[in-house]
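A short worksheet on the structure shown next.
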Amino acid sequence: MTKNEKILAELELHVEGSVETYVDRVLELQDYRDGLVHVEDIRATARESFAALIDQIFTDAPESAGLLVDTARELVMRRRGQGVHLDPLLTAVRLDFTVLWELLKRLCQPHDTEVLVDLAEPLWRAVEDYANGVYRAYLEQSEREVREESVLRQEYLTQALSRDGGAEAMRQASRMVGFDVGEPLVLCVAVGEVGRELRGVLSTALRSALPVHLVNFEGYAVLIFPARLDDVRDRVSRVPCAVLDNLVGLEGVRSKLRLAQRIAEVVAVDDAGAVTPERAWPRVARHGLESIGLDLAEQIEAGLRRARRGEAARIAMTVRQYLSSGSVAEAAVAIPCHRNTVQNHLNRFRELTGIDPGIPEQAAQLVIAWG
(Lines give C-alpha, C1' and ligand atoms only; values in the text may rest on other atoms or scores of the structure.)
Protein backbone atom coordinates (compact mmCIF):
# COMPACT_ATOMS: atom_id res chain seq x y z
CA MET A 1 0.00 0.00 0.00
CA THR A 2 1.39 3.43 -0.99
CA LYS A 3 1.65 6.33 1.45
CA ASN A 4 -1.25 8.08 -0.24
CA GLU A 5 -3.39 4.97 0.04
CA LYS A 6 -2.53 4.67 3.75
CA ILE A 7 -3.42 8.32 4.39
CA LEU A 8 -6.67 7.92 2.43
CA ALA A 9 -7.59 4.92 4.55
CA GLU A 10 -6.81 6.86 7.73
CA LEU A 11 -8.86 9.83 6.54
CA GLU A 12 -11.90 7.69 5.84
CA LEU A 13 -11.52 6.07 9.24
CA HIS A 14 -11.23 9.30 11.26
CA VAL A 15 -13.23 11.80 9.20
CA GLU A 16 -16.37 11.37 11.34
CA GLY A 17 -14.64 13.10 14.26
CA SER A 18 -13.83 16.04 12.00
CA VAL A 19 -17.49 16.22 11.02
CA GLU A 20 -18.33 17.16 14.59
CA THR A 21 -15.54 19.74 14.63
CA TYR A 22 -16.95 21.24 11.45
CA VAL A 23 -20.49 21.36 12.89
CA ASP A 24 -19.29 23.19 16.01
CA ARG A 25 -17.50 25.85 13.95
CA VAL A 26 -20.30 26.34 11.43
CA LEU A 27 -22.78 26.93 14.24
CA GLU A 28 -20.77 30.03 15.16
CA LEU A 29 -21.53 31.64 11.79
CA GLN A 30 -24.32 34.11 11.00
CA ASP A 31 -27.57 32.45 9.85
CA TYR A 32 -26.39 29.08 11.15
CA ARG A 33 -26.26 30.21 14.76
CA ASP A 34 -29.75 31.66 14.28
CA GLY A 35 -31.10 28.17 13.76
CA LEU A 36 -31.90 28.45 10.05
CA VAL A 37 -30.24 25.09 9.44
CA HIS A 38 -30.81 22.02 11.62
CA VAL A 39 -27.69 20.49 13.16
CA GLU A 40 -28.31 17.14 11.48
CA ASP A 41 -28.48 18.87 8.11
CA ILE A 42 -25.09 20.52 8.75
CA ARG A 43 -23.69 17.16 9.78
CA ALA A 44 -24.99 15.43 6.65
CA THR A 45 -23.60 18.25 4.48
CA ALA A 46 -20.18 17.88 6.07
CA ARG A 47 -20.13 14.14 5.33
CA GLU A 48 -21.12 14.72 1.68
CA SER A 49 -18.62 17.55 1.20
CA PHE A 50 -15.74 15.74 2.87
CA ALA A 51 -16.37 12.61 0.82
CA ALA A 52 -16.45 14.58 -2.44
CA LEU A 53 -13.32 16.58 -1.55
CA ILE A 54 -11.33 13.52 -0.45
CA ASP A 55 -12.33 11.75 -3.66
CA GLN A 56 -11.19 14.76 -5.68
CA ILE A 57 -7.84 15.00 -3.87
CA PHE A 58 -6.84 11.36 -4.16
CA THR A 59 -8.29 10.37 -7.54
CA ASP A 60 -8.37 13.61 -9.58
CA ALA A 61 -10.76 11.87 -11.96
CA PRO A 62 -13.23 13.84 -14.12
CA GLU A 63 -16.16 12.21 -12.36
CA SER A 64 -14.81 13.52 -9.05
CA ALA A 65 -15.03 17.10 -10.32
CA GLY A 66 -18.59 16.37 -11.43
CA LEU A 67 -19.40 15.10 -7.95
CA LEU A 68 -18.19 18.38 -6.46
CA VAL A 69 -20.36 20.38 -8.88
CA ASP A 70 -23.43 18.29 -8.02
CA THR A 71 -22.69 18.61 -4.31
CA ALA A 72 -22.38 22.41 -4.68
CA ARG A 73 -25.71 22.69 -6.51
CA GLU A 74 -27.57 20.51 -4.03
CA LEU A 75 -26.10 22.49 -1.14
CA VAL A 76 -27.18 25.82 -2.67
CA MET A 77 -30.71 24.56 -3.28
CA ARG A 78 -31.07 23.58 0.37
CA ARG A 79 -29.42 26.61 1.90
CA ARG A 80 -31.27 29.19 -0.21
CA GLY A 81 -34.51 27.50 0.74
CA GLN A 82 -33.50 27.81 4.38
CA GLY A 83 -32.65 31.50 4.03
CA VAL A 84 -28.87 31.27 4.35
CA HIS A 85 -27.06 34.20 2.72
CA LEU A 86 -24.14 33.82 0.35
CA ASP A 87 -21.34 35.11 2.61
CA PRO A 88 -21.91 32.75 5.57
CA LEU A 89 -22.48 29.90 3.12
CA LEU A 90 -19.10 30.48 1.44
CA THR A 91 -17.42 30.79 4.83
CA ALA A 92 -18.92 27.45 5.85
CA VAL A 93 -17.69 25.85 2.62
CA ARG A 94 -14.15 27.15 3.10
CA LEU A 95 -14.11 25.71 6.62
CA ASP A 96 -13.83 22.35 4.83
CA PHE A 97 -10.21 23.15 4.04
CA THR A 98 -9.37 24.16 7.61
CA VAL A 99 -10.96 21.09 9.18
CA LEU A 100 -9.61 18.57 6.66
CA TRP A 101 -6.14 20.12 6.76
CA GLU A 102 -6.06 19.85 10.55
CA LEU A 103 -7.08 16.19 10.26
CA LEU A 104 -4.38 15.49 7.66
CA LYS A 105 -1.71 17.05 9.88
CA ARG A 106 -2.79 14.88 12.80
CA LEU A 107 -2.75 11.71 10.74
CA CYS A 108 0.61 12.25 9.03
CA GLN A 109 3.76 11.07 10.77
CA PRO A 110 6.90 13.23 10.87
CA HIS A 111 8.37 11.25 7.98
CA ASP A 112 5.22 11.97 5.91
CA THR A 113 5.96 15.68 5.62
CA GLU A 114 6.64 15.45 1.89
CA VAL A 115 3.29 13.74 1.32
CA LEU A 116 1.53 16.36 3.44
CA VAL A 117 3.07 19.17 1.41
CA ASP A 118 2.04 17.44 -1.82
CA LEU A 119 -1.56 17.19 -0.58
CA ALA A 120 -1.84 20.86 0.50
CA GLU A 121 -2.30 22.33 -2.96
CA PRO A 122 -4.78 19.69 -4.24
CA LEU A 123 -6.87 20.13 -1.07
CA TRP A 124 -6.83 23.91 -1.33
CA ARG A 125 -7.65 23.76 -5.05
CA ALA A 126 -10.49 21.27 -4.48
CA VAL A 127 -12.04 23.45 -1.75
CA GLU A 128 -11.71 26.56 -3.94
CA ASP A 129 -13.33 24.72 -6.85
CA TYR A 130 -16.11 23.69 -4.48
CA ALA A 131 -16.53 27.25 -3.16
CA ASN A 132 -16.55 28.66 -6.70
CA GLY A 133 -19.15 26.09 -7.67
CA VAL A 134 -21.29 27.14 -4.72
CA TYR A 135 -20.87 30.80 -5.68
CA ARG A 136 -21.88 30.21 -9.29
CA ALA A 137 -24.80 27.99 -8.32
CA TYR A 138 -26.00 30.59 -5.80
CA LEU A 139 -25.95 33.36 -8.41
CA GLU A 140 -27.62 31.15 -11.02
CA GLN A 141 -30.34 30.23 -8.55
CA SER A 142 -30.77 33.90 -7.63
CA GLU A 143 -31.13 34.85 -11.29
CA ARG A 144 -33.63 32.05 -11.86
CA GLU A 145 -35.71 33.20 -8.91
CA VAL A 146 -35.58 36.82 -10.11
CA ARG A 147 -36.75 35.72 -13.58
CA GLU A 148 -39.51 33.59 -12.09
CA GLU A 149 -40.63 36.46 -9.84
CA SER A 150 -40.52 38.83 -12.82
CA VAL A 151 -42.70 36.49 -14.88
CA LEU A 152 -45.12 36.15 -11.98
CA ARG A 153 -45.28 39.93 -11.50
CA GLN A 154 -45.92 40.41 -15.22
CA GLU A 155 -48.73 37.87 -15.08
CA TYR A 156 -50.34 39.69 -12.15
CA LEU A 157 -50.01 43.05 -13.92
CA THR A 158 -51.36 41.70 -17.20
CA GLN A 159 -54.36 40.22 -15.43
CA ALA A 160 -54.95 43.47 -13.52
CA LEU A 161 -54.85 45.45 -16.77
CA SER A 162 -56.96 42.97 -18.73
CA ARG A 163 -60.08 42.87 -16.65
CA ASP A 164 -61.80 44.26 -13.59
CA GLY A 165 -61.07 41.57 -11.03
CA GLY A 166 -62.46 43.57 -8.14
CA ALA A 167 -60.86 45.48 -5.29
CA GLU A 168 -59.22 42.42 -3.70
CA ALA A 169 -57.59 41.36 -6.98
CA MET A 170 -56.19 44.87 -7.42
CA ARG A 171 -54.85 44.88 -3.86
CA GLN A 172 -53.18 41.52 -4.40
CA ALA A 173 -51.62 42.61 -7.68
CA SER A 174 -50.39 45.85 -6.07
CA ARG A 175 -48.72 43.98 -3.22
CA MET A 176 -47.16 41.51 -5.65
CA VAL A 177 -45.44 44.23 -7.69
CA GLY A 178 -44.43 46.39 -4.72
CA PHE A 179 -46.97 49.22 -5.03
CA ASP A 180 -48.86 50.67 -2.10
CA VAL A 181 -52.58 50.13 -2.64
CA GLY A 182 -54.08 53.29 -4.11
CA GLU A 183 -50.79 55.19 -4.36
CA PRO A 184 -50.34 57.59 -7.33
CA LEU A 185 -48.83 55.80 -10.33
CA VAL A 186 -47.38 56.89 -13.66
CA LEU A 187 -48.42 55.05 -16.83
CA CYS A 188 -46.16 55.13 -19.90
CA VAL A 189 -47.10 53.45 -23.18
CA ALA A 190 -45.10 53.12 -26.38
CA VAL A 191 -45.22 51.25 -29.66
CA GLY A 192 -42.47 50.02 -31.96
CA GLU A 193 -38.85 50.98 -31.39
CA VAL A 194 -39.71 53.43 -28.61
CA GLY A 195 -40.51 50.39 -26.45
CA ARG A 196 -36.76 49.73 -26.32
CA GLU A 197 -36.20 53.10 -24.70
CA LEU A 198 -38.72 52.20 -22.00
CA ARG A 199 -36.80 48.95 -21.45
CA GLY A 200 -33.69 51.08 -20.91
CA VAL A 201 -35.56 53.04 -18.22
CA LEU A 202 -36.58 49.73 -16.64
CA SER A 203 -33.02 48.36 -16.62
CA THR A 204 -31.70 51.45 -14.85
CA ALA A 205 -34.48 51.29 -12.26
CA LEU A 206 -33.94 47.59 -11.57
CA ARG A 207 -30.28 48.19 -10.74
CA SER A 208 -31.56 50.33 -7.87
CA ALA A 209 -34.22 47.73 -6.92
CA LEU A 210 -37.03 50.19 -7.62
CA PRO A 211 -40.66 49.01 -8.12
CA VAL A 212 -40.76 49.73 -11.85
CA HIS A 213 -42.46 47.22 -14.14
CA LEU A 214 -42.70 46.78 -17.90
CA VAL A 215 -45.19 44.47 -19.60
CA ASN A 216 -46.05 43.81 -23.21
CA PHE A 217 -49.79 44.34 -23.35
CA GLU A 218 -51.64 43.84 -26.64
CA GLY A 219 -48.50 44.79 -28.58
CA TYR A 220 -47.80 47.94 -26.54
CA ALA A 221 -44.87 48.43 -24.18
CA VAL A 222 -46.48 49.45 -20.86
CA LEU A 223 -44.29 50.86 -18.10
CA ILE A 224 -45.80 51.50 -14.64
CA PHE A 225 -44.11 53.01 -11.59
CA PRO A 226 -44.97 55.06 -8.47
CA ALA A 227 -45.23 58.81 -9.04
CA ARG A 228 -42.87 59.35 -6.08
CA LEU A 229 -39.87 58.09 -8.12
CA ASP A 230 -38.63 61.44 -9.41
CA ASP A 231 -35.53 60.04 -11.16
CA VAL A 232 -37.63 57.61 -13.18
CA ARG A 233 -40.12 60.37 -14.05
CA ASP A 234 -37.22 62.49 -15.30
CA ARG A 235 -35.90 59.70 -17.53
CA VAL A 236 -39.35 58.94 -18.93
CA SER A 237 -39.94 62.62 -19.71
CA ARG A 238 -37.21 62.38 -22.36
CA VAL A 239 -38.75 59.36 -24.11
CA PRO A 240 -41.28 59.96 -26.95
CA CYS A 241 -44.11 57.96 -25.43
CA ALA A 242 -47.57 58.48 -23.96
CA VAL A 243 -47.51 59.49 -20.29
CA LEU A 244 -50.42 59.75 -17.85
CA ASP A 245 -49.49 60.92 -14.38
CA ASN A 246 -50.91 60.57 -10.86
CA LEU A 247 -53.31 57.73 -11.57
CA VAL A 248 -54.84 56.28 -8.41
CA GLY A 249 -53.50 52.73 -8.07
CA LEU A 250 -53.71 49.94 -10.63
CA GLU A 251 -57.44 50.53 -11.02
CA GLY A 252 -56.66 54.06 -12.20
CA VAL A 253 -54.04 52.69 -14.58
CA ARG A 254 -56.49 50.16 -16.03
CA SER A 255 -59.17 52.81 -16.57
CA LYS A 256 -56.76 55.05 -18.55
CA LEU A 257 -54.89 52.37 -20.48
CA ARG A 258 -56.97 52.70 -23.66
CA LEU A 259 -56.39 56.43 -23.71
CA ALA A 260 -52.66 55.93 -23.28
CA GLN A 261 -52.64 53.41 -26.14
CA ARG A 262 -54.41 55.85 -28.45
CA ILE A 263 -51.91 58.58 -27.56
CA ALA A 264 -48.99 56.21 -28.14
CA GLU A 265 -50.26 55.58 -31.67
CA VAL A 266 -49.93 59.27 -32.60
CA VAL A 267 -46.62 59.98 -30.85
CA ALA A 268 -43.88 60.77 -33.37
CA VAL A 269 -40.33 59.47 -32.97
CA ASP A 270 -39.02 63.04 -33.24
CA ASP A 271 -41.29 64.31 -30.45
CA ALA A 272 -39.25 66.17 -27.86
CA GLY A 273 -40.01 63.84 -24.98
CA ALA A 274 -43.14 62.35 -23.47
CA VAL A 275 -46.60 63.34 -24.71
CA THR A 276 -49.41 64.00 -22.23
CA PRO A 277 -53.16 63.99 -22.97
CA GLU A 278 -53.12 67.82 -22.92
CA ARG A 279 -50.64 67.82 -25.81
CA ALA A 280 -52.03 64.79 -27.61
CA TRP A 281 -55.78 65.42 -27.85
CA PRO A 282 -55.70 67.25 -31.23
CA ARG A 283 -53.63 64.43 -32.75
CA VAL A 284 -55.88 61.75 -31.28
CA ALA A 285 -58.96 63.53 -32.61
CA ARG A 286 -57.40 64.00 -36.08
CA HIS A 287 -56.28 60.36 -36.18
CA GLY A 288 -59.78 59.21 -35.27
CA LEU A 289 -61.44 61.38 -37.91
CA GLU A 290 -58.98 60.34 -40.59
CA SER A 291 -59.66 56.69 -39.77
CA ILE A 292 -63.29 57.21 -40.88
CA GLY A 293 -62.34 59.22 -43.96
CA LEU A 294 -62.65 62.80 -42.70
CA ASP A 295 -59.46 64.76 -43.46
CA LEU A 296 -59.77 68.25 -41.93
CA ALA A 297 -56.37 69.29 -43.24
CA GLU A 298 -57.36 68.81 -46.88
CA GLN A 299 -59.64 71.90 -46.98
CA ILE A 300 -56.90 74.02 -45.44
CA GLU A 301 -54.18 72.76 -47.76
CA ALA A 302 -56.39 73.20 -50.82
CA GLY A 303 -57.07 76.82 -49.86
CA LEU A 304 -53.41 77.63 -49.17
CA ARG A 305 -52.43 76.23 -52.56
CA ARG A 306 -54.27 79.22 -54.08
CA ALA A 307 -51.94 81.66 -52.30
CA ARG A 308 -49.14 83.50 -54.06
CA ARG A 309 -45.65 82.00 -54.11
CA GLY A 310 -44.10 82.23 -50.63
CA GLU A 311 -47.30 83.60 -49.13
CA ALA A 312 -48.78 80.32 -47.84
CA ALA A 313 -45.90 79.50 -45.47
CA ARG A 314 -45.95 82.98 -43.89
CA ILE A 315 -49.73 82.92 -43.46
CA ALA A 316 -49.73 79.43 -41.95
CA MET A 317 -46.97 80.40 -39.49
CA THR A 318 -48.92 83.48 -38.41
CA VAL A 319 -52.13 81.50 -37.89
CA ARG A 320 -50.33 78.84 -35.84
CA GLN A 321 -48.77 81.53 -33.66
CA TYR A 322 -52.15 83.21 -33.21
CA LEU A 323 -53.80 79.90 -32.23
CA SER A 324 -51.21 79.34 -29.49
CA SER A 325 -52.32 82.48 -27.62
CA GLY A 326 -55.53 83.80 -29.26
CA SER A 327 -54.01 87.29 -29.22
CA VAL A 328 -52.99 89.36 -32.24
CA ALA A 329 -50.61 91.40 -30.08
CA GLU A 330 -48.85 88.36 -28.60
CA ALA A 331 -48.55 86.74 -32.01
CA ALA A 332 -46.97 89.92 -33.39
CA VAL A 333 -44.37 89.94 -30.60
CA ALA A 334 -43.57 86.25 -31.03
CA ILE A 335 -43.12 86.34 -34.85
CA PRO A 336 -42.06 89.34 -34.66
CA CYS A 337 -44.00 91.71 -36.90
CA HIS A 338 -46.55 94.54 -36.76
CA ARG A 339 -50.00 93.72 -35.43
CA ASN A 340 -51.53 94.85 -38.70
CA THR A 341 -49.45 92.19 -40.49
CA VAL A 342 -50.88 89.52 -38.21
CA GLN A 343 -54.44 90.73 -38.83
CA ASN A 344 -53.85 90.87 -42.57
CA HIS A 345 -52.56 87.29 -42.57
CA LEU A 346 -55.59 86.12 -40.58
CA ASN A 347 -57.93 87.84 -43.03
CA ARG A 348 -56.07 86.39 -46.00
CA PHE A 349 -56.24 82.92 -44.45
CA ARG A 350 -60.02 83.30 -44.11
CA GLU A 351 -60.29 84.32 -47.75
CA LEU A 352 -58.25 81.34 -48.98
CA THR A 353 -59.68 78.58 -46.78
CA GLY A 354 -63.07 79.81 -45.61
CA ILE A 355 -61.98 79.26 -41.99
CA ASP A 356 -61.86 82.18 -39.55
CA PRO A 357 -59.28 81.54 -36.76
CA GLY A 358 -61.04 84.16 -34.64
CA ILE A 359 -64.18 82.04 -34.32
CA PRO A 360 -63.63 79.36 -31.62
CA GLU A 361 -65.59 76.63 -33.42
CA GLN A 362 -63.57 77.12 -36.61
CA ALA A 363 -60.33 77.56 -34.68
CA ALA A 364 -60.94 74.13 -33.13
CA GLN A 365 -60.96 72.65 -36.64
CA LEU A 366 -57.52 74.17 -37.22
CA VAL A 367 -56.15 72.91 -33.89
CA ILE A 368 -57.25 69.37 -34.74
CA ALA A 369 -56.08 69.51 -38.37
CA TRP A 370 -52.65 70.77 -37.39
CA GLY A 371 -52.40 68.83 -34.12
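Of all residues in the stretch 285-329, those satisfying the criterion of being closer than 25 Å to ALA242 by Cα, aliphatic (A, V, I, L, M) and without any contact (Cβ under 8 Å) to a residue 24 or more places away in the chain are ILE292, LEU294.
Report whether or not ALA272 is small (Gly, Ala, Ser), farther than 18 Å from LEU157 by Cβ, over 21 Å from the mean Cα position of the chain (by Cα) and assigned to a loop (DSSP other than H, G, I, E, B). Judged against the criteria, ALA272 is a match. Of all residues in the stretch 346-371, those satisfying the criterion of being closer than 26 Å to ALA285 by Cβ, touching a residue at least 12 places away in the same chain (Cβ under 8 Å) and either open to solvent by 40 Å² or more (accessible area, probe 1.4 Å) or aliphatic (A, V, I, L, M) (or both) are LEU346, LEU352, GLY354, ILE355, GLY358, ALA363, GLN365, LEU366, VAL367, ILE368, ALA369, TRP370. Restricting attention to the stretch 224-245 and to residues that are under 17 Å from the mean Cα position of the chain (by Cα) and in a strand (DSSP E or B), the residue that is farthest from GLU183 (Cα to Cα) turns out to be ILE224. Within the stretch 72-89, being assigned to a helix (DSSP H, G or I) and either farther than 11 Å from TYR130 by Cα or at pLDDT 95 or above (or both) holds for GLU74, VAL76, MET77, ARG78, ARG79, ARG80, GLY81, GLN82, LEU86, ASP87, PRO88, LEU89.
Taken over the stretch 135-182, the criterion of being surrounded by fewer than 13 Cβ atoms within 10 Å (Cβ to Cβ) and within 11 Å of GLU251 (Cβ to Cβ) is satisfied by ASP164, GLY166, ALA167. Can you tell me which residues in the stretch 202-223 are surrounded by fewer than 18 Cβ atoms within 10 Å (Cβ to Cβ) and among the hydroxyl-bearing types (Ser, Thr, Tyr)? If the condition is that a residue be surrounded by fewer than 18 Cβ atoms within 10 Å (Cβ to Cβ) and among the hydroxyl-bearing types (Ser, Thr, Tyr), then SER203, THR204, SER208 are the ones that fit.
For the stretch 73-97, filtering for residues that are in contact with a Lys or Arg (Cβ under 8 Å, 6 or more places away or on another chain) and either under 26 Å from GLU10 (Cβ atoms) or in contact (Cβ under 8 Å) with a residue 60 or more places away in the chain (or both) leaves 1.
The values are calculated or read from the model by the stated rules, or taken from the named source; none is laboratory data. Values in this document were obtained by computation on a predicted structure and should not be read as measured data. Every residue, glycine among them, receives a Cβ derived from its backbone with ideal geometry; neighbour counts consider all protein chains shown. These accessible areas exclude ligands, DNA and RNA; they are computed on the full protein's heavy atoms, side chains included. Shrake-Rupley method; radii C 1.70, N 1.55, O 1.52, S 1.80 Å.
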